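Undergrad: Let me give you the structure first, and then I'll get to my questions.
The values are calculated or read from the model by the stated rules, or taken from the named source; none is laboratory data. Because the structure is a prediction, the values reported are computed rather than measured. Positions of Cβ are generated from backbone atoms using ideal geometry, with glycine treated the same way; all protein chains shown enter the neighbour counts. Heads up: the accessible areas ignore ligands, DNA and RNA and are worked out on the full protein's heavy atoms, side chains in. Shrake-Rupley method; radii C 1.70, N 1.55, O 1.52, S 1.80 Å.
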Amino acid sequence: MAKPNTKGPSRTVDIFCAACQCKLFKYRKGGKGALIKCFMERIAQDHTERLGECPQCHQTFAREAIIRGVPALKIIGNKVRCK
């Protein structure tokens, strides 16, 4: 499979925890669909202390994975909100 576009899209979205509304990170998202995976190289600002865990309520919202040969976070369903 092809690797994701390294330049990435210019549009950024804010990702919040669904439970406590804490800001998790700012992500350069492409397309209109739901947020299923986040490539590490596209995260513009990271507000988390541990990867895949909310800093405020300590809920796990994602798992580390290798997708298309690139490190990424696989989002667990309904654990985050995009704005």
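Yes or no, residue by residue, for (1) surrounded by 12 or more Cβ atoms within 10 Å (Cβ to Cβ); (2) assigned to a loop (DSSP other than H, G, I, E, B); (3) over 10 Å from the mean Cα position of the chain (by Cα):
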position	(1), (2), (3)
38	yes, no, no
57	yes, yes, yes
71	yes, no, yes
77	no, yes, yes
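Undergrad: Can I ask one more? Considering only residues of the stretch 11-36 that are among the aliphatic types (A, V, I, L, M) and in contact with a Lys or Arg (Cβ under 8 Å, 6 or more places away or on another chain), which is surrounded by the most Cβ atoms within 10 Å (Cβ to Cβ)? Let's see the steps before the verdict.
TA: Taking the stretch 11-36 and keeping what is among the aliphatic types (A, V, I, L, M), we get 13, 15, 18-19, 24, 34-36.
After this cut, where a residue has to be in contact with a Lys or Arg (Cβ under 8 Å, 6 or more places away or on another chain) as well, the list is 13, 15, 18-19, 35-36.
On the way: 13: 16, 15: 25, 18: 16, 19: 16, 35: 16, 36: 11.
Here the answer is 15.
Undergrad: Pull out all pairs, ordered by first then second residue, where Cβ-Cβ is under 9 Å, the residues are six or more apart or on different chains, the first lies in the stretch 15-28 and is under 9 Å from residue 54 (Cα atoms), and the second is among the aliphatic types (A, V, I, L, M) and surrounded by fewer than 18 Cβ atoms within 10 Å (Cβ to Cβ).
TA: Close Cβ pairs satisfying both conditions: none exist.
Undergrad: OK, next. I'd like the residue in the stretch 40-53 that is closer than 13 Å to residue 73 by Cβ and touching a residue at least 24 places away in the same chain (Cβ under 8 Å) and, out of all such residues, is surrounded by the fewest Cβ atoms within 10 Å (Cβ to Cβ).
TA: Going through the qualifying residues, I end up with 40.
Undergrad: Something else: Please enumerate the residues belonging to the stretch 40-55 that are not charged (D, E, K, R) and not in a strand (DSSP E or B). Walk me through it before giving the result.
TA: So in the stretch 40-55, the residues not charged (D, E, K, R) come out as 40, 43-45, 47-48, 51-52, 54-55.
Result: 40, 47, 48, 51, 52, 54, 55.
Undergrad: Separate question: Please work out if residue 63 is assigned to a strand (DSSP E or B), of a type outside the set (S, T, N, Q), open to solvent by 60 Å² or more (accessible area, probe 1.4 Å) and within 24 Å of residue 1 (Cβ to Cβ). Give the derivation first.
TA: Numbers: assigned to a strand (DSSP E or B): yes; of a type outside the set (S, T, N, Q): yes; open to solvent by 60 Å² or more (accessible area, probe 1.4 Å): yes; within 24 Å of residue 1 (Cβ to Cβ): yes.
Taking the combined requirement at face value, the residue satisfies it.
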